[in-house]
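Note sheet for the following structure.
The values are calculated or read from the model by the stated rules, or taken from the named source; none is laboratory data. A quick note: this is a predicted structure, and the numbers were derived from the prediction, not measured. With ideal geometry, Cβ positions are generated from the backbone for all residues, glycine too; neighbour counts draw on all protein chains shown. All accessible areas refer to the heavy atoms of the entire protein, side chains included, with ligands and DNA or RNA removed. Shrake-Rupley method; radii C 1.70, N 1.55, O 1.52, S 1.80 Å.
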Amino acid sequence: MTAIDLPAPTLTAKDFSSDQEVRWCPGCGDYAVLKAVQSFLPDLGLRRENIVFVSGIGCSSRFPYYLDTYGMHSIHGRAPSIATGIATAREDLSVWVVTGDGDALSIGGNHLIHALRRNVNMTILLFNNRIYGLTKGQYSPTSETGKVTKSTPLGSIDHPFNPVSLALGAEATFVARTIDSDRKHLTAVLAAAAAHRGTSFVEIYQNCPIFNDGAFEALKGPAAADHLLRLEPGLEVTAAGRTWAHDPGEIDPSRQFALSRLDADPDSPVPVGIFRQVQRPTYDDQARAQVAEAIATRGRGELQDLLDSGDTWTVPSDGV
Amino acid sequence: MSSTVTELDRVVIRFAGDSGDGMQLTGDRFTQEAAVFGNDLSTLPNFPAEIRAPQGTIPGVSSFQLHFANYDILTPGDRPDVLVAMNPAALKANLTDLRRGATIIVDTHDFTARNLAKVGYDVNPLEDDTLAEFAVHALDLTGMTVEAVKEFGLSRKDAARSKNMFALGLVSWLYGRDVDGSEAHLAAKFATKPAIRDANIAALRAGWSFGETTETFAVSYVVKPAPVRAGRYRNITGNTALSYGLVAAGRLSGLPVLMGAYPITPASDILHELSKHKSFGVTTFQAEDEIAAIGAAVGASFAGALGVTATSGPGVALKSEAMGLAVMTELPLVVIDVQRGGPSTGLPTKTEQSDLLQAMYGRNGEAPMPVIAAQSPSDCFDAALEAARIAVTHRTPVMLLSDGYLANGSEPWAIPDVATLPRIDPDFATGPNHDRGDGERDFWPYLRDEDTLARPWAIPGTPGLEHRIGGLEKGEGHGNISYDPANHDRMVRIRAEKVRRIADSLPPLEVDDPSGEAGVLVIGWGSTYGPIGAACRRVRAAGHAIAQVHLRHVNPLPHDLGEILRRYDRVVCPEMNLGQLSRLLRAEYLIDVRPITTVRGLPFGAEALAADLLAHVTTTAEATA
Ligand code: SF4
């Protein structure tokens, strides 16, 4: 992570819970993720005041209100841009973005891909429930084609995004997928995402029992093992007719991308875990380095010298 | 050959040519020469939106107008006394603007049948009586340039490119200016291209010598320095002054500046300028779009920096929602709108003041934002400082209005002494501010300063002040989400009152009414300051009284404005829109403010405006007689 910290006091999940009443629907997958994040944050060893959660609009974007850190519940789709400003202004903060499939991939798609390509120090948690929950059930950019919803009585005709493929296409440096109900896997992926320097992108399959119940049911029940491909470094994988040992550190994202396409075939298992984890200089570190370099080579700017620069002339005494 | 030297008080000169002819550079250099000589001056660059419009056509004409004088002047001048025209298109496009008897220096080289036809001249205007009322100097500037630089072995095309410097040399001679400064400038600019450098310098010198040694010009002129206050001066454009103001605001507040921007004419130069000043702790972020640009600025402000974003009208439209977020979260933010002709893409390179109502009201909900305006190129420095002061002190996004004329126009600037500039106190929250009632204290992000109603600015990293803000309505004081009707009603009124109270910090308005007998008051805002001032001078010179007041703050309006407006029989408001300020004033004060409007993409001409004002003065005098 990014925060430069004093030795952190020992904190517990309770220290990260705000006094606000959590208002998701009963049974919403968001609860599980909130719990996992609250219990996992103390392990980061960061002080509460050095953590900032930024969100956009949507059910999951209420997340920051329930964490006793700094936070901003911003506007629809714009959280990555706001987080970019925070991360660039402050190297000592751990910056998190909480977003949903509509927020990140529809209205905020542009900001998402640009944050990923810039590699700004932030961890993006994309809660994918494949539906618009807060606006009561319209299909989203990750809804399967043919989805019958309030706005698509005859079935949706859009082809959906695969968020992991999209992130890999934007050459994100950390790309992973996990599931709300698998606390252990979720925590392990989040820990790796938090430890990564640069933009970490984590898609979390999240159940919306009200408008899209059971979207990921096949991946959760006793038969889950048949439907999941749990990625590990070195795991032998087969996709696009080729077999190789999975390597998240591979710089060329082509094979990781091929892996992300696996479940385009409904009979193939859904890969979860870390697809990609590579090092590349971050935008904000480099922006700060340019400032530091300018000060080192030119000295700290003197305002009077700046104003006096260029072609100047002096009038010795008041004219009449 | 020595010619007669005639002394003039003022000259308006316009350099015009194809967009690729380097007219902006030529104008800029002559401006520097006039500035260093000590003339007062004002400039008006005018160029097409296309980078290289079709050669030799009227839409492709780029020009630079300079007004310089031996007294303080307020505008770039209405009608040029001298036109330097590098081709038929430049002649045709500018001819109707010239005053009768003006001098025209024209490069005959491009006056071929083909080029004349391109701009609709059936007959060569140099050969019929089209130019009869002007003093025409038809010279083969291109031919003489090519001759002067032949030793440098350039292609004919490259050689001819120095013709703008030949013209500059000739005009410099005509007004008794030396060209040392321009020579040094060229030497630096083309340091890595010795042949080009040498050709440009040779052409410059050749132009000067041509004036000196031939008898083409029987008279040369001198315009003496203008009497000004003692001090150090430089010439400065509005965009540069505004950028310096932002750098200064960072220093005076001790805050790092983070500017998010997306390229847009005519605001991009602010991004370019700020990107050079990293050693002042200034970070520039070229975003993927206008929304991300302001998003990053809001994020930076939340994190404790001075967030800034600069754009033009179309960009402001895209930023509206994020401005609303800054209004709701009550974070300091400076939003700069360098206005241009609209609507939609409109006239990207031309000036207009038609975003005032957008600045005031262009957001959903009751979303009041302070609006301030710069009145001249150098004033952009002070306006930027004032915008930052209000933003930081009152915890609010501020709209700072400039326009295309201020952005690219220039004037001499009395460089301020940094020690005299006022500090800005960010006054970060450092500890709890609220009694919980159980003996403990906690932090309420919306507990306000009693006088200003500003909320505390608690930045991440401050222990114990962790809090969440956002776009949903806040409960008064504690700042948690609240949908309570009474609370929303109160919060909407509090946000409006907070902006209104900024007026408590404003100095009294200065009314310029020398005789104290004026019946007509002219009110303006922004870049009309110069033309209104010049027009008022004309009205007074014609023996009539007229008063002028100019607004820096459009929202909130200063406390004393209503009383001032009521003092006069008639209030007139010239604007480069269809009457936006007059509408606001009518609504606010129930006074019949009379608009005078223009939307030609150019500033008001002082002469025409003076005629309009005079009509108001006369009618008012008759009505009250
Ligand atoms: S609508 Fe769905 S996603 Fe939203 S809170 Fe309810 S269950 Fe959760």
Condition set farther than 30 Å from A:Leu306 by Cβ and assigned to a strand (DSSP E or B), scope the stretch B:201-234, selection nearest to the chain's Cα centre (by Cα): answer is B:Val223
Filter the stretch B:150-200 for residues that are of a type in the set (Ser, Thr, Tyr) and part of a helix (DSSP H, G or I); the one that is nearest to B:Met86 (Cα to Cα) is B:Ser172
I'd like the full set of residues that are surrounded by fewer than 22 Cβ atoms within 10 Å (Cβ to Cβ) and in contact (Cβ under 8 Å) with a residue 24 or more places away in the chain, limited to the stretch B:131-141.
B:Leu131, B:Glu133, B:Phe134, B:Ala135, B:Val136, B:His137, B:Ala138, B:Leu139, B:Asp140
Under the condition of being assigned to a loop (DSSP other than H, G, I, E, B) and under 20 Å from B:Arg156 (Cβ atoms), which residue from the stretch B:98-130 is most open to solvent (accessible area, probe 1.4 Å)?
B:Thr112
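Go over the candidates B:Gly22, B:Gly38, B:Gly56 one by one and state the one that is at positive phi and out of contact with any strand residue (DSSP E or B) (no Cβ under 8 Å at 6 or more places or on another chain).
B:Gly22
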Can we say B:Ile336 is closer than 20 Å to B:Ile291 by Cα, modelled with pLDDT of 95 or more and not hydroxyl-bearing (Ser, Thr, Tyr)?
yes
Across (1) over 26 Å from B:Ala226 (Cα atoms); (2) outside any loop (DSSP other than H, G, I, E, B); (3) open to solvent by 70 Å² or more (accessible area, probe 1.4 Å); (4) at the interface with chain B (Cβ under 7 Å from one of its Cβ atoms), A:Thr314 clears everything bar (1)
Does the stretch A:247-262 contain any residue that is basic (Lys, Arg) and either at positive phi or within 16 Å of the ligand (Cβ to nearest atom) (or both)?
no
Identify all residues within the stretch A:135-148 that are open to solvent by 10 Å² or more (accessible area, probe 1.4 Å) and more than 13 Å from the ligand (Cβ to nearest atom); write none if there are none.
A:Tyr139, A:Pro141, A:Glu144, A:Thr145, A:Gly146, A:Lys147, A:Val148
Which of the residues belonging to the stretch B:346-376 are touching a strand residue (DSSP E or B) at 6+ places or on another chain (Cβ under 6 Å) and open to solvent by less than 10 Å² (accessible area, probe 1.4 Å)?
B:Thr351, B:Gln353, B:Ala359, B:Met369, B:Pro370, B:Val371, B:Ile372, B:Ala373, B:Ala374
Got a sec? Which helices (runs of 4 or more DSSP H) wholly within the stretch B:290-370 have at least 1 residues that are on the phi < 0 side of the Ramachandran plot and within 11 Å of chain A (Cβ to nearest Cβ)?
B:290-302, B:313-329
For the stretch A:252-273, check the following and say yes or no: at least one residue is within 14 Å of chain B (Cβ to nearest Cβ), modelled with pLDDT of 95 or more and in contact with a strand residue (DSSP E or B) (Cβ under 9 Å, 6 or more places away or on another chain).
no
Tell me whether the stretch A:30-37 contains one or more residues that are at the interface with chain B (Cβ under 10 Å from one of its Cβ atoms), modelled with pLDDT of 95 or more and open to solvent by less than 50 Å² (accessible area, probe 1.4 Å).
no
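Does B:Gly27 fit the bill of being within 22 Å of B:Ala138 (Cα to Cα) and surrounded by fewer than 20 Cβ atoms within 10 Å (Cβ to Cβ)?
Against the criterion (within 22 Å of B:Ala138 (Cα to Cα) and surrounded by fewer than 20 Cβ atoms within 10 Å (Cβ to Cβ)), B:Gly27 does not qualify.
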Scanning the stretch B:459-481 residue by residue, the ones that are open to solvent by less than 10 Å² (accessible area, probe 1.4 Å) and more than 8 Å from every other protein chain (Cβ to nearest Cβ) total 4
Would you confirm, using the coordinates I've provided, whether B:Arg495 is outside any loop (DSSP other than H, G, I, E, B), away from chain A (no Cβ under 14 Å) and either touching a Leu at 6+ places or on another chain (Cβ under 7 Å) or under 18 Å from B:Glu563 (Cα atoms) (or both)?
no
Candidate set: the stretch A:108-128, residues that are within 13 Å of chain B (Cβ to nearest Cβ) and open to solvent by less than 10 Å² (accessible area, probe 1.4 Å); chosen: the one nearest to A:Asn212 (Cα to Cα):
A:Gly108
Scan B:Arg423, B:Arg436 and give me the residue that is within 14 Å of chain A (Cβ to nearest Cβ), modelled with pLDDT under 95 and surrounded by fewer than 21 Cβ atoms within 10 Å (Cβ to Cβ).
B:Arg436
Which number in (1) within 10 Å of chain A (Cβ to nearest Cβ); (2) at negative phi marks the one condition that B:Asn239 misses?
(1)
Where residues in the stretch A:202-227 are part of a strand (DSSP E or B) and touching a strand residue (DSSP E or B) at 6+ places or on another chain (Cβ under 6 Å), which of them is farthest from the ligand (Cβ to nearest atom)?
A:Val202
Any idea how many residues of the stretch A:72-107 are buried (at least 24 other Cβ atoms within 10 Å of the Cβ), facing chain B (nearest Cβ under 10 Å) and over 19 Å from A:Asp284 (Cβ atoms)?
3
If I filter the stretch B:176-189 for residues that are within 31 Å of the chain's Cα centre (by Cα) and at positive phi, do I get at least one hit?
yes
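For the stretch B:79-86, does any single residue satisfy the condition of being within 23 Å of B:Gly404 (Cα to Cα), touching a helix residue (DSSP H, G or I) at 6+ places or on another chain (Cβ under 8 Å) and open to solvent by 10 Å² or more (accessible area, probe 1.4 Å)? Can you show your working first?
Pass one, the stretch B:79-86, residues within 23 Å of B:Gly404 (Cα to Cα): B:79-80, B:83.
After this cut, where a residue has to be touching a helix residue (DSSP H, G or I) at 6+ places or on another chain (Cβ under 8 Å) as well, the list is B:79-80, B:83.
From what is left, the residues that are open to solvent by 10 Å² or more (accessible area, probe 1.4 Å) are B:79.
Checked against the condition, which is being within 23 Å of B:Gly404 (Cα to Cα), touching a helix residue (DSSP H, G or I) at 6+ places or on another chain (Cβ under 8 Å) and open to solvent by 10 Å² or more (accessible area, probe 1.4 Å), the stretch B:79-86 yields at least one hit.
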I need every pair where a residue in the stretch B:379-401 that is outside the structural domain of B:Glu321 (by TED's automatic domain parsing) has its Cβ under 7 Å from the Cβ of a residue that is surrounded by fewer than 24 Cβ atoms within 10 Å (Cβ to Cβ) and modelled with pLDDT under 95, sequence separation at least 6 or different chains.
none
Tell me, yes or no, whether the stretch B:134-152 has at least one residue that is over 22 Å from B:Ile58 (Cα atoms) and acidic (Asp, Glu).
yes
